[in-house]
Amino acid sequence: MPPLIPRSTACLSILLSALLSAAPALAQGVKVGLALDMSGPFAALGAESKAGFAVAMKQLGGTLGGVPVEYVEADTGGSPDLARQAVDRMIQREKIDLFTGPIGSPVALAVGPVLFAAKVPYLSNNTGPSAYSGAQCNAYFFGASYQNDAYHESAGKFASDKGFRKTALIAPNYPGGKDAVNGFKRTYKGTVGDEIFTKLGQIDYAAELAQLRASKPDSLYYFLPGAMGIAFIKQFVAAGLSKDITLVSTAFSADEDMITGVGEPMLGIFNTAHWAHDLDNDANRRFVADFRAQNGGRYPSLYAAQAYDVLMAMDGAVRDVGGKVADRPALLKALKAARYKSVRGDFKYGSNNFPIENFYLRVVGKDASGRITNKLIGTVMTNYQDTGAALCTAKL
């Protein structure tokens with residue numbers, strides 16, 4: 001698969017290096033751990049997140065909340081073991097104050113307990129494992145983007161509202177994939193067809209396509225982020241299945257990263273999302289404009305927007321505690337208050353430190369210049385709180 005940001009990666013690395021060198025760690029400063037997925041199954045998504053972080057870093061001018069910031073980076077490769085090792089180093093050697101970065105649920109579940117024990121707040125710029133929203137909720141974890149099940153519940157509701165009678169499901173066999181299937185089934189009112197779990201990182205779907213051809217659902221809900229989704233959509237359309245089976249998805253498998261890799265076959269795919277690049281608010285317009293200026297005119301994806309939002313959330317919290325991040329109770333209170341301008345508009349956390357937010361309907365089409373992109377066309381769920389909140393009994 002070609003790199004997600006083929007012409008801007010070098011420039012992005014130079015930008016990040018310049019920003020880091022411009023903000024040396026001082027006693028009164030802040031250290032942020034960034035455990036990025038720059039290799040492995042989520043490499044494309046990690047690169048997109050890094051591009052979103054870079055927009056926020058540039059806007060903030062090497063500070064968080066008005067004090068100097070140092071970003072401590074590590075590539076986890078999507079590996080829970082490598083991520084644990086990296087986080088141990090960040091905590092023991094670098095003495096980080098805040099943490100973010102991992103794309104996949106297995107990594108979040110692996111590093112969470114280590115961070116919680118060290119009292120380092122973890123703001124997730126992507127994954128929101130259902131376990132952390134319910135029985136394993138923790139004051140030091142903020143699902144700043146979404147809760148895994150909730151995202152897919154919005155897709156299930158759309159599929160029901162659309163009147164699909166029989167929907168097959170396909171997802172990778174890992175915690176995020178299982179959350180996807182369970183979430184979709186929770187709100188879908190039709191008949192669930194085949195439930196197909198694939199290997200994480202799989203890119204050959206011949207066997208799965210043959211199974212779908214034989215089972216003849218009228219729709220297919222697919223959760224295959226990154227390179228997996230790019231390969232699947234190409235093979236699905238090439239096999240002629242799009243003539244009889246309607247694809248239903250979320251932004252994870254139908255966002256700008258997919259559009260870049262697939263092109264025309266993406267046109268007409270409906271997907272649900274908690275954000276869109278054409279949401280009408282000042283913070284979003286500024287983010288999208290700056291992102292496009294830094295990345296050759298292309299639109300940002302969900303992953304970039306989430307990364308940007310997390311650093312802006314950190315900025316607001318550090319500002320509210322006057323840079324005194326060592327006062328963890330005060331820092332947690334400031335993070336929970338979320339006094340910052342989100343690209344999603346008004347933002348608030350529920351009782352389990354996961355957002356109460358809208359989920360929107362988008363369709364892949366073309367903008368005024370003919371560029372293939374997602375277009376916001378409606379709202380699927382309003383001010384939605386994930387179902388895991390009821391299982392979170394801790395007072396966060």
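In the chain, the longest principal axis of the Cα atoms and the axis of helix 328-337 are about 40 degrees apart.
Would you mind counting up the charge near ALA150? Only other residues with Cβ under 10 Å from its Cβ, with Lys and Arg at +1 and Asp and Glu at -1. Counting the neighbours of ALA150, the net charge comes to -4.
Take the Cβ atoms of LYS395 and GLN211, set R0 to 45 Å, and the FRET efficiency comes out at 0.45. Taking the DSSP beta bridges with both ends in the chain, the antiparallel portion is around 35 percent. A straight line joining the Cα centroids of the range 205-223 and the range 234-261 runs 12 Å.
For the range 36-75, rounded, prolate or oblate, judged on the Cα gyration tensor with a ≥ b ≥ c (square roots of eigenvalues), a/c < 1.5 rounded, else prolate if a/b > b/c? Oblate, since a/c reaches 1.5 and b/c is not below a/b. For the chain, the longest principal axis of the alpha carbon atoms and the long axis of helix 282-294 meet at an angle near 90°. For the range 58-113, the set of trypsin sites (Lys or Arg not before Pro) satisfying both a DSSP loop assignment and a count of at most 15 other C-beta atoms within 10 Å is given as LYS95.
Working from Cα pairs under 8 Å separated by at least six residues, relative contact order for the chain is 19 percent.
Among 175-181, 278-284, 98-104, the peptide with the highest mean count of other Cβ atoms within 10 Å heads the list, and the full ranking is 98-104, 175-181, 278-284. Extension gain, LYS119 to GLU94: 0.36 nm times the residue separation minus the Cα-Cα distance gives 7.6 nm. A straight Cα-to-Cα reach below 20 Å connects LYS243 with the aspartates and glutamates ASP194, GLU208, ASP218, GLU264, residues fewer than 8 places away in its own chain not being considered. Using only alpha-carbon positions in the range 265-333, the gyration tensor eigenvalues give semi-axes of 31, 14, 10 Å once each is multiplied by 5 and square-rooted (largest first).
For helix 227-238, report the angle its Cα long axis makes with the longest principal axis of the Cα atoms of the chain; keep it between 0 and 90° and round to the nearest 10°. Result, in degrees: 20.
Peptides 227-240, 250-263, ordered by how many other C-beta atoms sit within 10 Å of their residues on average, highest first, read 250-263, 227-240. From the coordinates of this entry, semi-axes √(5λ) of the Cα gyration tensor in Å is computed, and it appears in [x] 34, 22, 19; [y] 36, 33, 21; [z] 43, 23, 21 under the label [x]. In this structure, the residue pairs whose Cα-Cα separation is over 31 Å, taken from LYS95/LYS336; LYS31/LYS395; LYS199/LYS348; LYS185/LYS234, are LYS199/LYS348.
Any read-out appearing in this document is the output of simple, stated calculations on the displayed coordinates, not a laboratory observation. Note that the coordinates shown come from a computational prediction; the quantities given were computed from them, not determined experimentally. As a convention, Cβ positions derive from the backbone with ideal geometry for all residues, glycine included, and neighbour counts pool all protein chains shown.
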